[in-house]
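The values are calculated or read from the model by the stated rules, or taken from the named source; none is laboratory data. These figures come from a predicted structure and were not determined experimentally. Cβ placement follows ideal geometry from the backbone for every residue including glycine, while neighbour counts extend to all protein chains displayed.
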Amino acid sequence: MASSDPTYVGQVASVAGGVVRVRLRRDLPTTLVLVEGESYRVGQIGGFFRVPVGYTQLYAVCSQVGADAVPPSTAAELAVLERDPAKDEGLAGYRWMTIVLFGESTGGRFERGVGQYPTVGDEVHFVTSGDLSIIYGRAPFAGGLTVGNVASTSGIPASLDLDRFVSRHCAIVGSTGAGKSNLVSVILEALASAEYPSARVLVIDPHGEYAGVASGRSTVFRVTPGEGEQPLVVPFWALPFDELLSITFGGMSPTNEAAIRDMVQDMKRAAAVHLENPPQAAAVTADSPVPFSMRQLWFDLDDFERRTFRTVGGQRVPTQVEQAGDPQALISNVYPIHAPGAKEPFKNPSPRGISKQLELARSRLTDARYAFLFEPKGGYAPDVAGNVDADIDGLVASWVGHDKPITILDVSELPSDVASDVVGLLLRIVYDTLFWAGSLEISGKAQPLLIIVDEAHRFLPEGGDSSCHRILTRVAKEGRKYGVGLTVVTQRPSEIDVTVLSQCGTMIALRTTNPGDRSRVAAAFPDDLGGLVDLLPSLRTGEGLFVGEAMFVPSRVRVRLTQSPEGGAEPKVSTQWETDPRPDAQFYGQALRNWRQQVKE
């Protein structure tokens, strides 16, 4: 009988979809309840409850508890509940909790989702260790990614469904210091294990903090590579024309932009014939990833601005070059200086007026910070005719086609004004290559790819329109169909694009204190579990709410510590200030030299 069952807590008072309101027993303890030698806390936010419905057990998670301001009258409130003399004394009606249904079991087999709903008066029980063994009976399971333990249980591992984690996308959110970097490091370590020898993971690392994760099982790319690292190169000619123009020349008038677009298209078509597998000329546009010489383009534009003219036979013709320039060295042609007034030689009668943009382009082409883009090593830098020794296939193969499961693209040294465009180009090159691979063995369908983007609010701001924003939105919307998964990591979910966040089937929320961020997380929570966000400010470091596709049971998880001490580690201020000697001031001079040379030591 229900009254003799120590797990009995109350009765269902109302049902609104998957949200159930429960009226609690009057004599329900508010502290610990002992059942078969084990203690349980009743009415805990995030705690699990069981609702028997015939032969089926419905399971729910508590999202809210409270008490009415004034205890309701027995006639008005309790009359709607089933009256049982044996248990009537146990009902008060003014203490309540809200639970959210998430699954059911029949015959001891748990299944996500519910096929039937409780009715008013049904009993509600808290779950015991036996119930938890049914709920978490699949953990660890085949294809599971164990990242820690379920916080409300003793020793039950928390495992993510790898298939759904990758294909349905995931968002990891939390305030600074909540444990996001540690969680990402734990996931990378698990994916780099011998259990997944063919894993393919691409990490966009804006702070250079994952280079030490899964050492020996990862390849690190950096603008200025250290020992054991590879140079990060991104050929400018793979950029779409609009991004290339913005990075190189800055703003242009529509007329000049159209003229330069035509010039780039002609140069790409001329250079395309030298490729190993040249495309048809009609298929080549200014946006096609075909090599051409940016220095030659600069030289031709600069030459047009500098020309002077003479009158021959009643027509103005260009004067002869006095000193030939060098496109590769960015040295301009020298023409006779134009005379004042109406005397020969004359100025160019119709200059484009882009001297300022040409100076910007020249400074970018000679700036060591942009060498990875305009002078990429490894044979990706075209000569003045547009010939290259290596093509994009080799670039993509070096990023995601090597024999290690993890690729870390350290973009911390990229100039801030072009970082978003460069990251967008990186991802577009990889995604489009896998997209056009079709049914080949390297395609995303044959060998899925997981893209992890840390500090995603930098690359996916709400209302943004950068190349990075567009490609990540595209991956979020259609990547599942082509075997490309996305995991976005951010400390400011309120600033991230809502479209991408809504496409994430799994939400992992660590401690989050900002009210605006919590409201955005609540809106993205699946299964009517938005009420659980009130837990977020009180979560311990390294603890998070795991809900959605990859976590078949909404759970509060304590993430284990990464094996890499560098993974998101903070300086030990007390130790370093208390015991470490003060460094020699000469190192400031070395830091300045590093800054000027754009090299870290």
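Let's see how each residue does on (1) at pLDDT 85 or above; (2) outside the structural domain of residue 205 (by TED's automatic domain parsing); (3) surrounded by 13 or more Cβ atoms within 10 Å (Cβ to Cβ); (4) in contact with a helix residue (DSSP H, G or I) (Cβ under 9 Å, 6 or more places away or on another chain):
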| residue | (1), (2), (3), (4) |
| --- | --- |
| 306 | yes, yes, yes, no |
| 312 | no, yes, no, no |
| 326 | yes, yes, no, yes |
| 340 | no, yes, no, no |
| 349 | no, yes, no, no |
| 353 | yes, yes, no, yes |
| 374 | yes, yes, yes, yes |
| 384 | yes, yes, yes, yes |
| 403 | yes, no, no, no |
**Report entry** strands (runs of 3 or more DSSP E) lying entirely in segment 38-124 (those with 3 or more residues that are at pLDDT 85 or above and surrounded by 15 or more Cβ atoms within 10 Å (Cβ to Cβ))
**Finding:** 48-53, 56-67, 91-106
Query raised in the report: Which one of 148, 174, 179, 212 is buried (at least 18 other Cβ atoms within 10 Å of the Cβ), not β-branched (Val, Ile, Thr) and not assigned by TED's automatic domain parsing to the domain that holds residue 505?
Result: 148
Query raised in the report: Between a first residue in segment 386-405 that is without any contact (Cβ under 8 Å) to a residue 40 or more places away in the chain and a second residue that is assigned to a helix (DSSP H, G or I), which pairs have beta carbons less than 8 Å apart while being 6 or more apart in sequence or on different chains?
Result: 396/429; 396/430; 396/433
**Report entry** Restricting segment 424-454 to residues that are over 21 Å from the mean Cα position of the chain (by Cα) and among the aliphatic types (A, V, I, L, M), the residue that is farthest from residue 476 (Cα to Cα)
**Finding:** 440
Report summary line: When segment 206-256 is checked residue by residue, the ones that are aromatic (Phe, Trp, Tyr) and not in a helix (DSSP H, G or I) are 210, 221, 249
Report summary line: If we ask which residues in segment 328-338 are out of contact with any Gly (no Cβ under 8 Å at 6 or more places or on another chain) and surrounded by 13 or more Cβ atoms within 10 Å (Cβ to Cβ), their number turns out to be 4
Query raised in the report: Condition test on residue 416, is it assigned to a helix (DSSP H, G or I) and not hydrophobic (A, V, I, L, M, F, W, C)?
Result: no
